[in-house]
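Undergrad: To start, I am sharing the structure in question, which I have written as structure tokens.
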Amino acid sequence: MSGEQNNSSFELAFYQTTFHTLIEKAPVGMYILEEGKIAYVNLFYAKLLGYKKQELSETEFSLEKIIYPEDLLILKNHIQKIGSIEDDVARFRVRQIKKDGTVLLTEINISITEFYGKPIFFGTVINISEQVAAQQQVYDANERYRSLFENSPDAIFSFNHEGNFISANPATEKISGYSDKELLNMSFMSLVSTEDLPMAIKSFEEGKQGMSSNYNLTVERKDGKRIHLDTIHFPMRVNGEIMGTYGVAREITEKIQYEQQLEKLAFYDPLTELPNRRLFEDRLGQLLDQQDSNDNQQFAVMFLDLDRFKFINNSLGHQNGDQFLKLVAARLKQHLRKSDTISRVAGDEFTILFPDIRKEEAINIAIHLNEAIKEPFEIAGNVITVSASIGIALNTDMAEATVEEIIRNADTAMQHTKKFKKNIYTLYTEELDTKVSYKFSIENDLKVAIENNELELYYQPIIDLKTNQLKAMEALIRWNHPEHGLIPPNDFIPVAEESGQIIEIGSWVLKTACRQNKKWQESGILPFKVAVNVSTKQLQHYNFIDSVAKTLEEEQLEPNWLELEVTESILHEDVEFIKENLLKLKDIGVSLSIDDFGTGYTSLNYLREYPFDKLKIDRSFIDDINRDLNGKRITSAVISLAHSLNMDVVAEGIENETQLNYLYDKCCDEGQGYYFNKPLPADTLKFS
């Protein structure tokens, strides 16, 4: 009996010792509560809270010290519940406070049993702070992704290995016009435009190979509208394995349209929608680059300028002028090849690039284009006919020329056509370039001609054919160039007209002529008029009328001793403005004459509208008096009609007695020419 008792005592001691060791060394916190106080904690639990075991087991140590205040009630409620239900077990979470004040989130397991007839509560404590924090991070990340996915203004989607949608956010639905359910039954290939499909497939395949890409593509919405997307494609990896691809796309339709509009503004003329100078130069530059590797390549550049466009623009108004240019551009384009490039470079000027063309073909096209331009245009109820001046530059005639030089050469040839009007086109040559260089030299030297006293006035008498008395002196400008000698007016006046220097030169001529006439009057010579030629640009200048009045006042010359001569061509310019200025000159008191009449196809009837006092018959008709019966008839008719308009007639270029006698017989009023006197400087003229 005693042996059995000893054996039972040993087993009890063994089990108690073993159980105690297991509890103490358990990798979880363990505790016993008795009457609401801590009766026991194991070493793990004590270390978890940062206390020594003895501190937690002290009689005065309460649960309030380690249980978070707001969670203490949770613990007490569970203790109360399991105390009323046999074998009940509770599991719940409470926050516990470490000795250093740190708060831990713990999971409590608690059960109830009896010990010596008293209920005790025991269980385990697990620190789940890191686990819950990690779970929260995962949750937050998922929420952020879900929020990004659902609320992103950009389309976010994913494809499987076959290219079918496996996810699509609301923005994808909005951009594509398809619902989420519809998209999940579709392949991206059915959305992409035909022209961009190869690029999209290539990017998709690269994504499956682990590469990322960024590209623009055009897709077709459900409603058929085409839109532009900026797309990023990258692989979808799950546990290191590529399961498909992700995509992010942003609609850039407005941006693309804006860029296209900017490009159009940068490279196209907004009025005619033709390429502008910039695009033309770019294409010409590309052709020149190709020429480096192909010596046999031939091309031509044509410079085309409309004749009389300024007159059309001023007569019909700028709005109708713009409409006219659009019609011209459309007509020119109709007569060109697809490979040709036509551009509007400025105003009424067009350039055309002809790749792969021979000289003969370029000439034929120039003739053909001019014929097309001559066909009537109808603008605002008006039928308009116009011609063009054309210059052609062939690359075979310009070794190693630049883009700028080729265009300038074609322009030079066009200017030659416009000036001489012998042909409808001019081919550029180096000889022509030499003439232009001379012209530029003249233009530069003219800038200092007045300052250096190089300009001089010669005077040619105008004689009354009935009395043989001096009626007027025509002031004719001469230029004593320090290098080139005496330069005739025909060589530098057109240059001055073109450059605008004619305003300053014309002012000098007017002032000098008025001053000289006043000197003659003060010397006692019988008074006569001084006739001064006035250019179109002078008469159109805003300050010309005031300038004439001021000059007469400064030189103290009475207005009736000044005669201003304008050429017939001026009548085809800004009609109303010219007429208004001529009337203002008449109001000042000066005389007006129309010079070189007969060269500009102006009818005498047309002259009724202008306040001219004299008409000067061009010398070409006077030359014909000796050899051409028609010349005599025309001269006679002009004299008669001019007299019917109360205008005196002056014959220019009288060189012999035959001409003089005929003019006298036909009652021509005045004459000038070498028969009477050649032009001479003022100090060499003799008055009898």
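We did not get these values from a lab; they are worked out from the coordinates using the rules stated. For clarity, every value in this text was computed on a predicted model and none was experimentally measured. A quick note on method: Cβ atoms are made from the backbone with ideal geometry, for glycine too, and the neighbour counts reach across all protein chains shown.
Undergrad: Please list, in order along the range 548-558, the HN-Hα scalar couplings obtained from phi with the Karplus expression 6.51 cos²θ - 1.76 cosθ + 1.60 (θ = phi - 60°), rounded to whole Hz, x for Gly and Pro.
TA: Once rounded to whole Hz, the list reads 5, 4, 5, 4, 4, 5, 5, 8, 6, 9, 5.
Undergrad: What residue among ILE390, ALA366, PHE377 has its Cα farthest toward the positive end of the dipole of the range 272-428, where the charges are +1 on Lys, Arg and -1 on Asp, Glu, each on the Cβ?
TA: Sorting the options by dipole projection puts first PHE377.
Undergrad: Another question about this same structure. Once the Cβ-Cβ distance between LYS310 and GLU371 is put in as r, and R0 is 25 Å, what FRET efficiency do you end up with, to the nearest 0.05? Mind showing how you got there, number by number?
TA: On the way: r = 23 Å, r/R0 = 0.91.
Efficiency, rounded to the nearest 0.05: 0.65.
Undergrad: Say R0 is 30 Å: what FRET efficiency, to the nearest 0.05, do GLU443 and GLN290 get from their beta-carbon distance?
TA: Numbers: r = 36 Å, r/R0 = 1.21.
In this case the efficiency is close to 0.25.
Undergrad: Hey, another quick one. Given Cα pairs under 8 Å that are at least 6 residues apart, what percent is the relative contact order of the chain?
TA: Working: 1097 pairs, mean separation 40.8, N = 688.
It comes to 6 percent, rounded to a whole number.
Undergrad: Do any GluC sites (Glu not before Pro) in the range 354-412 lie in a loop, going by DSSP, with at most 14 other beta-carbon atoms within 10 Å of their beta carbon, and if so which?
TA: On the way: sites: GLU360, GLU361, GLU371, GLU378, GLU400, GLU404, GLU405; in loops: GLU400.
Hits after loop and neighbour filter: GLU400.
Undergrad: From the phi of every residue in the range 425-430, what ³J(HN,Hα) in whole Hz does the Karplus formula 6.51 cos²θ - 1.76 cosθ + 1.60 yield, where θ is phi - 60° and glycine or proline is x?
TA: Taking θ as phi minus 60°, the curve returns 9, 9, 8, 5, 9, 5 Hz for the range 425-430.
Undergrad: Next up: Ranked from highest to lowest mean number of other Cβ atoms within 10 Å per residue, what is the order of the peptides 674-683, 609-618, 658-667? Mind showing how you got there, number by number?
TA: Numbers: 674-683: 13.7, 609-618: 20.3, 658-667: 16.3.
Final packing ranking: 609-618, 658-667, 674-683.
Undergrad: Tell me the Kirkwood radius of the range 447-684: reciprocal of the mean inverse pair distance over distinct alpha-carbon atoms, in Å.
TA: Details: mean 1/r = 0.0542 Å⁻¹.
Computed over the range 447-684, the radius equals 18.5 Å.
Undergrad: Another question, if that's okay. Please work out the FRET efficiency for the pair LYS47 and ALA141, using the Cβ-Cβ distance as r and a Förster radius of 25 Å; give the result to the nearest 0.05. Intermediate values should be presented prior to the final figure.
TA: Details: r = 32 Å, r/R0 = 1.29.
The computed FRET efficiency comes out at 0.20.
Undergrad: Would you please name the GluC sites (Glu not before Pro) within the range 444-497 that are DSSP coil residues with at most 14 other C-beta atoms within 10 Å of their C-beta? Display every interim value, and only then the final one.
TA: On the way: sites: GLU451, GLU454, GLU456, GLU474, GLU483, GLU497; in loops: GLU451, GLU454, GLU483.
Filter output for the range 444-497: GLU451, GLU483.
Undergrad: Over what distance in Å are the Cα centres of the range 425-450 and the range 651-688 separated?
TA: Each part's Cα centre sits 35 Å from the other's.
Undergrad: Amide H neighbours of ILE67 under 5 Å, at least 5 residues apart or on other chains, H built in the peptide plane: list them.
TA: Amide H neighbours of ILE67: ILE97.
Undergrad: Could you tell me what % of all Cα pairs in the range 543-688 have separations over 21 Å? It would help to have the intermediate numbers written out before the result.
TA: Values: 5310 of 10585 pairs.
More than 21 Å apart: 50 percent of the Cα pairs in the range 543-688.
Undergrad: Still on this structure, I have one more. Rounded to whole Å and sorted largest first, what semi-axes of the equivalent ellipsoid does the C-alpha gyration tensor of the range 272-428 yield via the square root of 5 times each eigenvalue?
TA: Numbers: eigenvalues 156, 48, 36 Å².
Gyration-tensor ellipsoid for the range 272-428: 28, 16, 13 Å.
Undergrad: Can you list the equivalent-ellipsoid semi-axes of the chain, largest first and in whole Å, using the square root of 5 times each Cα gyration tensor eigenvalue? Don't skip to the end; give the middle numbers.
TA: Values: eigenvalues 2464, 191, 102 Å².
Values for the chain, descending: 111, 31, 23 Å.
Undergrad: Going by amide H atoms built from the backbone, whose H comes under 5 Å of the H on ASN533, apart from near neighbours?
TA: Under 5 Å from the amide H of ASN533 lie the amide H atoms of ALA475, GLU565, each far enough along the sequence or on another chain.
Undergrad: What ³J(HN,Hα) values, in whole Hz, does the Karplus curve 6.51 cos²θ - 1.76 cosθ + 1.60 give for the range 64-81 when θ = phi - 60°, with x put for Gly and Pro?
TA: Result, rounded to whole Hz: 4, 6, 10, 9, 4, x, 5, 9, 4, 5, 4, 4, 5, 4, 5, 4, 5, 5.
Undergrad: By how many degrees, between 0 and 90 and to the nearest 10, does the Cα long axis of helix 359-374 differ from the longest principal axis of the chain?
TA: It is inclined by approximately 80 degrees.
Undergrad: Treating cross-link reach as a plain straight distance, find the aspartates and glutamates whose alpha-carbon is under 13 Å from the alpha-carbon of LYS76, omitting any fewer than eight places away in the same chain.
TA: GLU34, GLU35, GLU64
Undergrad: A follow-up question, please. Based solely on its DSSP helices, what 222 nm [θ] is calculated for the chain when runs of n ≥ 4 H residues each add -39,500 (n - 2.57) and the sum is averaged over all residues, nearest 500 deg cm²/dmol? The partial results should precede the final answer.
TA: Values: 23 runs with 299 residues, N = 688.
My calculation for the chain gives -14000 deg cm²/dmol from helical runs alone.
Undergrad: Amide H to amide H under 5 Å from ALA388: which residues, 5+ apart in sequence or cross-chain, H placed 1.01 Å off N in plane?
TA: Excluding prolines and chain starts, which carry no amide H, the hits are ASP307.
Undergrad: Summing Lys, Arg as +1 and Asp, Glu as -1, what charge do residues with Cβ under 14 Å from the Cβ of ASN320 carry, ASN320 excluded?
TA: Numbers: positive: LYS310, LYS326; negative: ASP322, ASP348, GLU378.
Around ASN320, the surrounding residues sum to -1.
Undergrad: Beyond 24 Å, what share of the Cα-Cα pairs of the range 125-216 remains, rounded to the nearest whole percent?
TA: Details: 1533 of 4186 pairs.
Result for the distance tail: 37 percent.
Undergrad: Roughly what percent of Cα-Cα pairs across the range 268-326 reach past 18 Å?
TA: Working: 931 of 1711 pairs.
Distances greater than 18 Å cover 54 percent of the Cα pairs.
Undergrad: Could you name the lysines whose alpha carbon sits less than 17 Å from that of LYS418, not counting residues in the same chain fewer than 8 places away?
TA: Partners found: LYS310, LYS374, LYS435, LYS439.
Undergrad: While we're here: For the range 328-346 and the range 113-162, write down the distance between their C-alpha centroids in whole Å.
TA: Distance between centres, Cα-based: 72 Å.
Undergrad: Show me, bin by bin at 10 Å from 0, the whole-percent P(r) of the range 414-533 based on Cα pairs.
TA: Final binned percentages: 11, 35, 27, 18, 8, 1.
Undergrad: Relative to the longest principal Cα axis of the chain, at what angle does helix 575-588 sit, 0 to 90 degrees, rounded to 10?
TA: 50 degrees
Undergrad: Which whole-angstrom value gives the distance between the alpha carbon centres of the range 26-76 and the range 179-230?
TA: If we compute the Cα centre of each part, the gap is 63 Å.
Undergrad: Within the range 190-247, which trypsin sites (Lys or Arg not before Pro) sit in a loop by DSSP and count at most 10 neighbouring Cβ atoms inside 10 Å? Before the final figure, lay out the partial values.
TA: Working: sites: LYS202, LYS208, ARG221, LYS222, LYS225, ARG226, ARG237; in loops: ARG221, LYS222, LYS225.
Within the range 190-247, the qualifying trypsin sites (Lys or Arg not before Pro) (loop, at most 10 other Cβ atoms within 10 Å) are LYS225.
Undergrad: Now, a different point. Hey, for a label at VAL575 modelled as a point 7 Å past Cα toward Cβ, could you say which residues of the range 309-332 have their backbone N under 11 Å away?
TA: 312, 315-316
Undergrad: Report, in listed order, any pair from LYS419/LYS614; LYS511/LYS537; LYS471/LYS511; LYS529/LYS614; LYS419/LYS678 with a Cα-Cα distance greater than 24 Å. Provide the component values of the computation, followed by the final result.
TA: Details: LYS419/LYS614 28 Å; LYS511/LYS537 17 Å; LYS471/LYS511 20 Å; LYS529/LYS614 13 Å; LYS419/LYS678 28 Å.
With Cα atoms farther than 24 Å apart: LYS419/LYS614; LYS419/LYS678.
Undergrad: Quick check: net charge around ASN480, other residues with Cβ under 10 Å of its Cβ, Lys/Arg +1 and Asp/Glu -1? Kindly include the intermediate steps, with their values, before the conclusion.
TA: Details: positive: ARG478; negative: GLU454, GLU456.
Once positives and negatives cancel, what remains is -1.
Undergrad: Moving on to the next point. Given the chain, what percent of its DSSP beta bridges are antiparallel, to the nearest 5? List each step's numbers first, then the result.
TA: Working: 97 of 123 bridges.
Among the beta bridges of the chain, antiparallel pairing accounts for roughly 80 percent.
Undergrad: Which angle between 0 and 90 degrees, to the nearest 10, do you get for helix 253-267 versus the longest principal axis of the chain when only C-alpha atoms count?
TA: Helix 253-267 sits at roughly 20 degrees to that axis.
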